[in-house]
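Computed from the coordinates by the stated procedures, all read-outs in this text should not be read as laboratory data. The structure presented is a predicted model; accordingly, all values stated were derived computationally and were not measured. Because the Cβ atoms are built from the backbone with ideal geometry, glycine has one as well, and the counts that use them run over all protein chains shown.
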Amino acid sequence: MTTIHPTRRSTLLACAALLLAATAHAQQPAAPLPTYDVVSIHPNNTLSGSTRMSIDPGVLKFTNVTLKQMLSYAYRIREGLIEDLPSWAESAHFDIEAKVVDPDIKALEALDRRQTAAMLIPMLAERFGAKVHTETKTLPVYELVPTKDGPKFKAYVAPAGTPDPKGPGGPGSMNIHNSDMMATGIPMASLAESLSGLVDKTVLDKTGLPGIYDFELKYTPDNARMNGAAVEPTDQAPNIYTALQEQLGLKLVAGKGPVITLIVDQIKQPTEN
């Protein structure tokens, strides 16, 4: 089950972006994704600051979410890169339950997180009338580059008999829990995507490192709050910028570059059911 809490949403969003569709199948037509056959949408007027997004194979439950949050999740894009939304899409909250009738559990479990998120797109189109397109714009970014003494991590070495981490079933993974990032068999492009969520700005991989790597990063998120309590910086957990330099031998350099944005062409309030 995937559960997303409000205080960790941007972090988990960054983590979820790491699990892209396998490049081994890039030349083949994509198989149709399962669709949610039964969808229930109701307004949430509790004024609660708590948001919950829970996904089991074939079952989705969102509590107190905005349309902007749903678009962000479905299209794997930061909320700040979604444009032309009406004000209600950020202020109105909804409870949503959806399920796949007679689901193929094995097929659903085989989906990566990007594919699982994309299952929301038909529902957003049908129930919210969502029509969108993407545009690439030149915007402020960070470039991820090695420091003079970097990098300070090792290339991944696959144990005998394990799948290729770049292909289906490979061990490439990243886990972000609170302020600890643990990666196994991860390319630098995936680290850059993960950092984009942590610093709320697109990070471009300019390391020039083509392999896949193992590393651990301990940091204190800027202005982070976990379970309503402020996370205090410690000597063992510097901010993300310092942690990158000290622990991985990488740094973020301000610049400008191409950034994909999501433009909303049409949207409407859903009918309750």
Discussion item. For a Förster distance of 30 Å, can you work out the FRET efficiency between the beta-carbons of SER48 and ASP180, rounded to the nearest 0.05?
Written reply: 0.60
Discussion item. Taking the square root of 5 times each eigenvalue of the Cα gyration tensor, what semi-axes in Å does the equivalent ellipsoid of segment 118-162 have, largest first?
Written reply: 40, 24, 7
Fill in: Theoretical gain in end-to-end length, GLU90 to SER40 [0.36 nm per residue, Cα-Cα removed]
16.0 nm
Worksheet item: Any idea how far the Cα center of segment 196-221 sits from the one of segment 34-97, in Å?
Response: 27
Worksheet entry | 3J(HN,Hα) from dihedral phi, segment 140-155, Karplus parametrisation 6.51/-1.76/1.60, rounded to Hz, x for glycine, proline | x, 9, 10, 9, 8, 9, x, 7, 4, 9, x, x, 10, 9, 10, 5
Worksheet item: Could you name the lysines in cross-link range of LYS137, using Cα to Cα under 30 Å and dropping any fewer than eight places away on the same chain?
Response: LYS68, LYS166, LYS201, LYS206, LYS251, LYS256, LYS268
Worksheet, complete the sentence: Placing each pseudo-label 7 Å from Cα in the direction of the beta carbon, ASP214 and GLU83 end up separated by a distance in nanometres of 4.4
Worksheet, complete the sentence: Counting only residues 5 or more apart in sequence or on a different chain, those whose built amide H sits under 5 Å from that of ASP222 are ILE240
Worksheet item: What order, most packed first, do the peptides 256-262, 104-110 have when packing is the mean number of other Cβ atoms within 10 Å of each residue?
Response: 256-262, 104-110
Worksheet item: What list of ³J(HN,Hα) couplings, whole Hz, do you get for segment 251-266 from phi and the Karplus terms 6.51, -1.76, 1.60, once you set θ to phi - 60° and write x for glycine and proline?
Response: 8, 9, 10, 5, x, 10, x, x, 9, 7, 10, 9, 9, 8, 8, 8
